[in-house]
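Contents: one structure, followed by commentary.
The values are calculated or read from the model by the stated rules, or taken from the named source; none is laboratory data. All of these numbers come straight from a predicted model, not from anything done at the bench. Here the Cβ is made from the backbone with ideal geometry for all residues, glycine too, and neighbour counts use every protein chain on show. We work out accessible area using only protein heavy atoms, side chains counted, and drop any ligands, DNA or RNA first. Shrake-Rupley method; radii C 1.70, N 1.55, O 1.52, S 1.80 Å.
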Amino acid sequence: MNESSPTAPARRVLKPAQLNALAKNLLESNFAQIWIEGEISNLARPASGHLYFTLKDSQAQVRCAMFRSRALYLPQPVKDGQQVLVRARVTLYEPRGDYQLAVESIEPAGQGALQQAFEALKRKLEAEGLFAPARKKPLPAFVRRLALLTSPRGAAVHDVLTVLARRHPLLPVELWPVPVQGSDAAAQIRASLQAAIASGRYDAILITRGGGSLEDLWPFNDEALARLAADSPVPVVSAIGHEVDVSLLDFAADLRAPTPSAAAELLSPDRTELLARIAHSRRKLAERLDTRLRDAGQRCDIAYLRLQALRPAQRLQAGRQNLHGLHLRLRHALLERLAGKAEAVRRCAHRLERAGPQHRIALQRAGVVGLQLRLHRGLQRGLDARLARLKQAGGALNALSPLATLGRGYSILRDGDGRVIHSVRQTAPGQRLDARLADGSLSLTVNSDDR
């Protein structure tokens, strides 16, 4: 058919620039933003500040470009061979018709996946209301017993115990040793937390560890652990990592502390502050007592004037005596209460002094000296008993020795072959014999035979 025929369809002829523009529009409208993971290769850094590289896996590769305005905000330089997760737009470079990725951000592949998982789980639990402030339980004014869930070898346990020893040395702290990183850490932390809650021994539970990477802190992003902490009837305090580190346990706990030391300060009153409060209360008590005494004195004066106006001599005298007695009783009672409060203060000071390390060291040193004395006495008694048994055995052995028999005047006769002579029938005149005595031997000759 002739192309000029009216029934022939009109052909749309495109130029390369038009085709590339259409392809670019198609790609960018269908792939507005994607995440893609792969290995960086053929990395180039021209003077313009842009980054050009190839992102590949074992089966394919794609060209990538990251412009200077984005590359300036990279947290760390990228390099060939690095496994990364990139956020990019699919586009097409029209002058050459090359399909490529316009990269907007780059992050290490493993940490990026963990961060996405963290954000997704956080949104899920937050939507359920697990982090709502209404669920948070307040800490008691004074913690009487504290459960500490952490690694016994980490810096966090040292920081917590150091702060508590300085601020409130009388607070009993029970350590629940748990691993704070690794694949089994979350399960063991959950088991220890559940056991601490079930024991009913604690007023508060502190879960803590030092800083680390997101992967190191991942056990504390466990969903079951976050739910257990949120549902705990005992207030749970979380101090995971440094102030910039955040975990799901921080959101689910009743209180989040920026560091382990800060958690210890939140859980303990300051000893100096307590003593200052006691002194302040004592001053206030004394002031109130003085005020009451003055008021009582004023009432007594008013009553005295009223009685004087009525002039009842006998009632006045009786009232004066009664008033004097009440005054003495009141003063005595007040002095006794003051003495009792002072004694309580002295007892508290004495207990604080006994809780110091010097007293404990002295007790331990006395115990060591006592153990040394007991050890020495036990060794001496054992040596004496063994020496007595040795002497007894020696005496028994000496009593059975043939040498002891020889010492009583006996002798042993042997013939020339060394056989022991038991009877005169074993001898003959002229035979040579050897006699063994206690202090030596004799050579004998048989002269006669009296049988």
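For region 197-216, the candidate set comprises residues that are closer than 23 Å to Pro258 by Cα and at pLDDT 90 or above; within that set, the residue that is surrounded by the fewest Cβ atoms within 10 Å (Cβ to Cβ) is Asp203. Against the definition (open to solvent by 60 Å² or more (accessible area, probe 1.4 Å), of a type outside the set (Gly, Ala, Ser) and closer than 30 Å to Glu273 by Cβ), how does Ile361 come out, yes or no? It is true that Ile361 is open to solvent by 60 Å² or more (accessible area, probe 1.4 Å), of a type outside the set (Gly, Ala, Ser) and closer than 30 Å to Glu273 by Cβ.
When restricted to residues that are open to solvent by 50 Å² or more (accessible area, probe 1.4 Å) and polar (S, T, N, Q), region 84-134 contains 3.
Within region 382-405, residues that are closer than 28 Å to Gly440 by Cα and free of Cβ contacts under 8 Å to residues at least 40 places away in the same chain have Cβ atoms under 7 Å from residues that are among the hydrophobic types (A, V, I, L, M, F, W, C) and open to solvent by less than 80 Å² (accessible area, probe 1.4 Å) in these pairs: Asn398/Ala404; Leu403/Ala438, counting only partners at least 6 apart in sequence or on another chain. Every condition in (1) out of contact with any helix residue (DSSP H, G or I) (no Cβ under 9 Å at 6 or more places or on another chain); (2) open to solvent by less than 40 Å² (accessible area, probe 1.4 Å); (3) charged (D, E, K, R) holds for Arg288 except the one numbered (2). The set of residues from region 141-165 being at pLDDT 90 or above, over 11 Å from the mean Cα position of the chain (by Cα) and more than 15 Å from Ala239 (Cβ to Cβ) comprises Arg144, Arg145, Ala165. Within region 37-49, the presence of at least one residue that is open to solvent by 40 Å² or more (accessible area, probe 1.4 Å), of a type outside the set (Lys, Arg) and in contact (Cβ under 8 Å) with a residue 40 or more places away in the chain is confirmed. Check whether at least one residue in region 367-378 is touching a helix residue (DSSP H, G or I) at 6+ places or on another chain (Cβ under 9 Å), part of a helix (DSSP H, G or I), among the aliphatic types (A, V, I, L, M) and surrounded by 10 or more Cβ atoms within 10 Å (Cβ to Cβ), and report yes or no. Looking for residues that are touching a helix residue (DSSP H, G or I) at 6+ places or on another chain (Cβ under 9 Å), part of a helix (DSSP H, G or I), among the aliphatic types (A, V, I, L, M) and surrounded by 10 or more Cβ atoms within 10 Å (Cβ to Cβ), one finds none in region 367-378, hence no. Selection of first residues in region 303-329 that are within 16 Å of Leu293 (Cα to Cα) and among the aliphatic types (A, V, I, L, M) and of second residues that are at pLDDT 80 or above and open to solvent by 90 Å² or more (accessible area, probe 1.4 Å), restricted to Cβ pairs under 9 Å at least 6 apart or on distinct chains, gives the following pairs, ordered by first then second residue: Leu323/Tyr304. Every residue in region 251-272 that is within 20 Å of Pro172 (Cβ to Cβ) and either open to solvent by 60 Å² or more (accessible area, probe 1.4 Å) or out of contact with any strand residue (DSSP E or B) (no Cβ under 9 Å at 6 or more places or on another chain) (or both), please. Matches in region 251-272: Glu265, Leu266, Pro269, Asp270, Arg271. Just a yes or no: is a residue in region 273-292 within 21 Å of Lys136 (Cβ to Cβ), part of a helix (DSSP H, G or I) and touching a residue at least 40 places away in the same chain (Cβ under 8 Å)? The answer is no, given that none of the residues of region 273-292 is within 21 Å of Lys136 (Cβ to Cβ), part of a helix (DSSP H, G or I) and touching a residue at least 40 places away in the same chain (Cβ under 8 Å). Of the numbered criteria (1) at pLDDT 80 or above; (2) surrounded by 12 or more Cβ atoms within 10 Å (Cβ to Cβ); (3) in contact with a Gly (Cβ under 9 Å, 6 or more places away or on another chain); (4) not acidic (Asp, Glu), the one Arg432 fails is (2).
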